[in-house]
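Step one of this worksheet: look at the structure below.
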Amino acid sequence: MALTQSVFSLFSSRDFRLFYAGQATSYLGDGLRTIAVPLLVFQMTGSAFNLGGTYATEVFTFGLFSLVGGSLADRLDRRRLMIACDVVRFAILAAFATAAWGKWLTVPWLFVGIAVHAACGAIF
């Protein structure tokens, strides 16, 4: 009983509610991106090679920037760093959606966006 009360008492904090809502929204977006971006690449190119390239780009960039993320978190304000990374990730996905809808999105820009998105995800 005490554990349940202590867990729900976290939601009495405004800062925690904001953090929780932001993280839930971010996780939802990440889940949708995991499905949507590869489908978009395959729709644009019809190539399994490019589809695999999106995953390779994401994994390589995430691994590379994971090494940098720890030192940045030690040197910068963590809260602002997390917010900045999430805002950049959102902006990239919003730009993808807008450019795909307007038929302006190209595969090279998609790969650049995926790399920046993965870098921010690693630093986050």
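The values are calculated or read from the model by the stated rules, or taken from the named source; none is laboratory data. Model, not experiment: these values are computed from the prediction. No Cβ is skipped: glycine too gets one built from the backbone with ideal geometry, and neighbour counts run over all protein chains shown.
Overview of values
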| read-out | value |
| --- | --- |
| Residues (at pLDDT below 90 and either closer than 13 Å to Gly113 by Cα or touching a Cys at 6+ places or on another chain (Cβ under 8 Å) (or both)) located in region 83-96 | Asp86 |
| Failed item, numbered, when Arg80 is tested on (1) farther than 13 Å from Gly113 by Cβ; (2) touching a helix residue (DSSP H, G or I) at 6+ places or on another chain (Cβ under 7 Å); (3) of a type in the set (Lys, Arg) | (2) |
| Some residue of region 5-14 being modelled with pLDDT of 85 or more and not aromatic (Phe, Trp, Tyr) | yes |
| Hey, Arg75 over 30 Å from Phe11 (Cβ atoms) and surrounded by fewer than 17 Cβ atoms within 10 Å (Cβ to Cβ) or not | yes |
| Scan of region 67-105 for residues that are over 25 Å from Phe16 (Cα atoms) and either touching a residue at least 60 places away in the same chain (Cβ under 8 Å) or touching a Lys or Arg at 6+ places or on another chain (Cβ under 8 Å) (or both), ordered by number | Leu93, Ala100, Leu105 |
| Some residue of region 106-119 being closer than 21 Å to Phe19 by Cα, crowded, with 18+ Cβ neighbours inside 10 Å, touching an Asp or Glu at 6+ places or on another chain (Cβ under 8 Å) and not hydrophobic (A, V, I, L, M, F, W, C) | yes |
